[in-house]
Amino acid sequence: VIYISAMGPDGFAEVSRRNIRGAEALRRRLTGELGLKDYTGGPVFNEFTLRIPVPRHQWTAPFDRELIMPGFWLNDLNPSLPADLFAISVTEKRTAAELDRYVSCAREALK
C-alpha cells in the first residue's frame with residue numbers, strides 16, 4: 001500500500017503497463033520461439049502459466065546455475081493440478097536483459 005501510495009495514480013499506471021508488457025513479451029518468446037504451450041489462455045497482468053514438457057530437475061537446473069528464480073510448479077500448491085503446470089511472474093523490475101537470460105535458460109532446459 002505504501003509503495004502504491006508513493007507512486008501516485010500515474011506511477012501506478014506506468015508500473016502496471018510495464019508488468020503487462022514484460023509478462024506478455026516473455027510469454028510470447030517462450031511460446032513462439034521455444035514452442036512451450038500456454039495454459040493461461042488469455043490476457044495477463046504479470047503472471048502466466050505454461051506447460052513444461054521436461055522433468056522438473058531438467059527445467060530448473062539452468063535457472064539454478066544462473067541464480068534465477070524461474071517461477072513455481074502449481075502442483076506444489078495444489079496436488080490435484082497437472083504436474084507440468086509452471087507459473088511465471090514478471091514484475092516492473094525485470095529488464096530486457098534479464099528476460100533474455102530467462103529465455104536462454106529455458107532454451108537450455110528444453111534441449
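SER5 fails exactly one of the following numbered conditions: (1) exposed (fewer than 12 other Cβ atoms within 10 Å of the Cβ); (2) assigned to a loop (DSSP other than H, G, I, E, B). What is the number of that condition?
Condition not satisfied by SER5: (2).
Among the residues of the range 69-92, write down those that are among the β-branched types (Val, Ile, Thr) and open to solvent by 30 Å² or more (accessible area, probe 1.4 Å). Before you say what the answer is, go through the steps one by one.
Keep residues of the range 69-92 that are among the β-branched types (Val, Ile, Thr), which gives 88, 90-91.
Matches in the range 69-92: THR91 only.
Got at least one residue in the range 79-91 being over 14 Å from the mean Cα position of the chain (by Cα), of a type in the set (S, T, N, Q) and over 25 Å from SER16 (Cβ atoms)?
Yes, some residue in the range 79-91 is over 14 Å from the mean Cα position of the chain (by Cα), of a type in the set (S, T, N, Q) and over 25 Å from SER16 (Cβ atoms).
Do you know which of the residues in the range 33-55 that are open to solvent by 50 Å² or more (accessible area, probe 1.4 Å) and in contact (Cβ under 8 Å) with a residue 24 or more places away in the chain is farthest from ILE20 (Cα to Cα)?
Going through the qualifying residues, I end up with PRO53.
Sort out for me the helices (runs of 4 or more DSSP H) sitting completely within the range 28-109 that have 1 or more residues that are out of contact with any helix residue (DSSP H, G or I) (no Cβ under 9 Å at 6 or more places or on another chain) and among the polar types (S, T, N, Q).
Filter on the range 28-109 gives 74-77.
The values are calculated or read from the model by the stated rules, or taken from the named source; none is laboratory data. None of the values given here were measured: they were computed from a predicted structure. No Cβ is skipped: glycine too gets one built from the backbone with ideal geometry, and neighbour counts run over all protein chains shown. Just so you know, the surface numbers come from the protein's heavy atoms only, side chains and all, with ligands and any DNA or RNA stripped out. Shrake-Rupley method; radii C 1.70, N 1.55, O 1.52, S 1.80 Å.
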